[in-house]
1. Taking only pairs six or more apart or across chains, which ones have beta-carbon atoms under 6 Å, a first residue in segment 21-36 that is assigned to a loop (DSSP other than H, G, I, E, B), and a second residue that is modelled with pLDDT under 95 and surrounded by fewer than 19 Cβ atoms within 10 Å (Cβ to Cβ)?
2. Do you know which residues across segment 10-20 are touching a strand residue (DSSP E or B) at 6+ places or on another chain (Cβ under 9 Å), loosely packed, with under 14 Cβ neighbours inside 10 Å and in a loop (DSSP other than H, G, I, E, B)?
3. Starting from segment 70-85, keep only residues that are farther than 19 Å from R47 by Cβ, then list their pairs with residues that are acidic (D, E) whose Cβ atoms are within a distance under 7 Å, requiring at least 6 positions of separation or different chains.
4. Hey, does segment 54-71 have a residue that's over 17 Å from C33 (Cβ atoms), modelled with pLDDT of 90 or more and in contact with an Asp or Glu (Cβ under 7 Å, 6 or more places away or on another chain)?
5. Taking D98 as meeting all but one of (1) within 21 Å of V12 (Cβ to Cβ); (2) within 13 Å of the chain's Cα centre (by Cα), write down the number of the exception.
6. In segment 102-116, what residues are over 17 Å from the mean Cα position of the chain (by Cα) and closer than 21 Å to F14 by Cβ?
7. Of all residues in segment 38-65 being of a type in the set (S, T, Y) and more than 21 Å from D27 (Cα to Cα), which is surrounded by the most Cβ atoms within 10 Å (Cβ to Cβ)?
8. Does G112 meet the test of being loosely packed, with under 13 Cβ neighbours inside 10 Å and outside any helix (DSSP H, G or I)?
Amino acid sequence: MKIEGGCHCGLVRFEAEVGDEPLEILDCNCSICSMTGYLHLIVPDTRFRLIDGQKDTTTYRFGSGKARHIFCSQCGIKSFYRPRSHPDGISISLRCVDDWQELDVKIVPFEGRDWGKGENVPGD
């Protein structure tokens, strides 16, 4: 199934091929996901395509610096990013998918706060 979405102002747009419904959505409890209410739809790199907005994004890194949080430089929305926990994937914000309320989803808790604790780094 193909989904599309983007940021609030519309400068950043993407599309992705996802599996069958119900779609597994990760609800991470790390500091940034908790503060923003981010719900993760993880897709492989090969199934994600940025349609518009490459020049309209900015990147934020913290903690280990491995995750690349990508925001629209105009409206500040993070509609997708490259997570540290899934280095070969892209995390799409469920709430940034067009008509996401119509999708059949299964929300699964994800322990991001202590993810990588053995490495003594915060979840990011």
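1. Close Cβ pairs (under 6 Å, with a partner that is modelled with pLDDT under 95 and surrounded by fewer than 19 Cβ atoms within 10 Å (Cβ to Cβ)) amount to N29/R113; C30/R113.
2. G10, G19
3. From segment 70-85, the pairs are C72/D56; S73/D56; Q74/D56; R84/D124.
4. The answer is no; no qualifying residue exists.
5. (2)
6. Correct list: E102, D104.
7. It comes out as T57.
8. Criteria not met by G112.
The values are calculated or read from the model by the stated rules, or taken from the named source; none is laboratory data. Everything quoted here is computed from the prediction, not taken from an experiment. Don't worry about glycine lacking a Cβ; one is built from the backbone with ideal geometry, like all the others, and counts go over all protein chains shown.
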